[in-house]
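Below: one structure, written as structure tokens.
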Amino acid sequence: QVPLKPGRSLMDWIRLTKSGKDLTGLKGRLVEVTEDELSKHNKKEDCWICIRGFVYNVTPYMEYHPGGEDELMKAAGTDGTDLFDQVHRWVNYESMLKECLVGRMAVKPIGAPKELKAFAYINFLQQIPEDEIVVYLKTFVTLGVKYVLICPKKVYFFSLLYFLFYSYDWFQTDSSVTIVIYTKQKDMNAELVIVDCQDKRLRGEIIMDDHSYLVEVDLDHAVSEDVAVNISEKVGKVEIILNKKDNVHWKMLGQPWEGHDTFIKRTDRGLFYRKCKLVSKTEVTHDTKLFCLMLPKGTHLRVPTGQHVYLKQIIAGTEVVKPYTPVLPFLPLDFQEPPLHDGVHIYLMIKIYSHGLFTQALDHLQIGDCISVSNPEGNFKKSQVQTSEDLLLLAGGTGFTPMVKLLNFALTEVSCLRTVKLIFFNKTEDDILWRNQLEQLALKDERFEVQFILSQPSKDWVGKQGKISSSLLSEFVKRSRRNSKVLICICGPPPFTEQGVQYLKDLGYSQEEIHAFTA
């Protein structure tokens, strides 16, 4: 993010979009845009960008963009969909830029049908040595081909892997309906299964790395709110058990949604939200609060360590979305499961900014109010910790939030770790989140050490002071042994994270040894 000029806040942009001013320069007309026409609008004073087939004149938005003008200019005059998805696909650009819509991209001539492309790929596969064929599994699966069993032996083997990995079935009794999803993932666990059943809509998603398999239907009949999810971890079987409201025989499971029975990249699915109820709101520091949200009864959702969710609110008629990393209700000093850490509640530690449109709206929520919460996102893998001997955590302010679950996981489940160190940067003593709990944790577990560093300390502060720098990191970021395997995790405001990663690289740490939490 970059500092914005006065009068260029999100609220100012919302006011401008509602002012009636012509932001496209086309006097309300929508036009069809060719690639050639799009490419002509590639300057700051005349900038068009295409996102998912729609073209927007982002010239008036330049000074309001939190990421700065240069980031928008990377996509000027081109299709910026991929760049948008990499940086912040969670932003609802349709709502934010609706008054900047120029029109649709002109339709290109239709290429060969997917079926023909699939068989061309099959012909290619036939030339591959049998021991190399599995390498192409991911590419092949994205074709969505389900009818290649008639092909020669090698391709038959290949397509069989696809069938074994993802399929579903269902059966019923007088009182229940059970959907069975077969994945053959031997490491299947509760964090990889997301189920939502609201009204008559059932949505079950199975996560596999950056892809997912989806079952999504409008059910044939009504079911009760309670949903049970059973997971057979060793064979990768997932059962979703629904209780019928009426003891009638179902002729079919239901009407499929567009994405039903597909295995595609998660980024191509878009985000799914459910309404969660605010249960409690407690003060952590003078400007930070712990929000406890309760999932709906028909939802099965576990947010993995190191991943975040998005909160969505409608503010002044505009949909606004922000990422937050769930925490625990407290640091479990006795290494027990917290009483409400039961898959029903999500805890978010959020700093309330005095001029922050989104956080002010959050702070004004009343107990019992609802807010939309997305599926988890993020690329952190627990295996990164499980193969390390030293875990070093660098946190700036509320960049502490992903470290909470990470600390708990590391100290309770990873026996190979020799040292776990948190280097926590804040402005003042009053800003330090959970200071007492962190100090108690350091006394409880000899592997854990915490170092507080303040940039604006009081005269009574006897600890370290300063901002993140190469000299400070060289003092505190060290391996416990000369060649020990280290993982360094860093999170904070974008400048903090970017500078920290560069300082670490300057100190000789490799990209593989550094994980930056970003959203």
Stretchable slack from residue 455 to residue 313, in nm (0.36 nm times residue separation minus alpha-carbon distance)
47.8 nm
Arrange the residues 364, 211 by how much accessible surface each exposes, largest first, with a 1.4 angstrom probe.
364, 211
What FRET efficiency do you get for residue 361 and residue 209 if R0 is 35 Å and r is their Cβ-Cβ distance, rounded to the nearest 0.05?
0.50
Any idea of the accessible area per residue across the chain, 1.4 Å probe, to the nearest Å²?
51
Residue separation times 0.36 nm, minus the C-alpha to C-alpha distance between residue 4 and residue 171: what's the value?
54.4 nm
Relative contact order of region 392-519, defined on C-alpha pairs under 8 angstrom at six or more residues apart (%):
28
Probe 1.4 Å - accessible area at residue 418, Å² to nearest ten
70
Note on region 10-105: C-alpha Rg/Rh, Kirkwood Rh, two decimals, gives 0.92
Two-decimal Rg/Rh across region 164-265, once Rg and the Kirkwood Rh are taken from alpha-carbon atoms
0.95
How large is the convex hull of the Cα atoms of region 201-355 per residue, expressed in Å³ as a whole number?
178
Along the three principal axes, how long is region 428-470 when you take its alpha carbons, biggest first, rounded to the nearest angstrom?
29, 25, 17
Across region 463-472, in residue order, what do the Karplus-derived ³J(HN,Hα) couplings come to in whole Hz, using 6.51 cos²θ - 1.76 cosθ + 1.60 with θ = phi - 60° and x for Gly and Pro?
x, 6, 9, x, 10, 4, 8, 5, 5, 5
For the chain, restrict the atom set to alpha-carbon positions and state the Rg and Dmax in Å.
25.5, 79
Of 13, 170, 257, 90, ordered by accessible area with the largest first and a 1.4 Å probe, the sequence is 257, 170, 90, 13
Per principal axis, descending, Cα span of region 273-377 in whole Å:
44, 34, 25
If you line up the Cα atoms of region 382-516 on their principal axes, what length do they span on each, largest first, in Å?
41, 34, 24
Taking all protein chains as present, what is the carbon and sulfur share of the accessible area of the chain, in % to the nearest whole number, probe 1.4 Å?
51
Gyration tensor (Cα) of region 363-442, equivalent ellipsoid semi-axes in angstrom:
26, 20, 12
Subtract the Cα-Cα distance of residue 480 and residue 412 from 0.36 nm times their separation in residues, and report this length gain in nm to one decimal.
22.5 nm
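The values are calculated or read from the model by the stated rules, or taken from the named source; none is laboratory data. Quick caveat: nothing in here was measured; it's all calculated off a predicted structure. All Cβ positions, glycine included, derive from the backbone under ideal geometry; neighbour counts span all protein chains shown. Ligands, DNA and RNA are stripped out before the accessible areas are found, and what is left, the full protein with its side chains, is counted by its heavy atoms. Shrake-Rupley method; radii C 1.70, N 1.55, O 1.52, S 1.80 Å.
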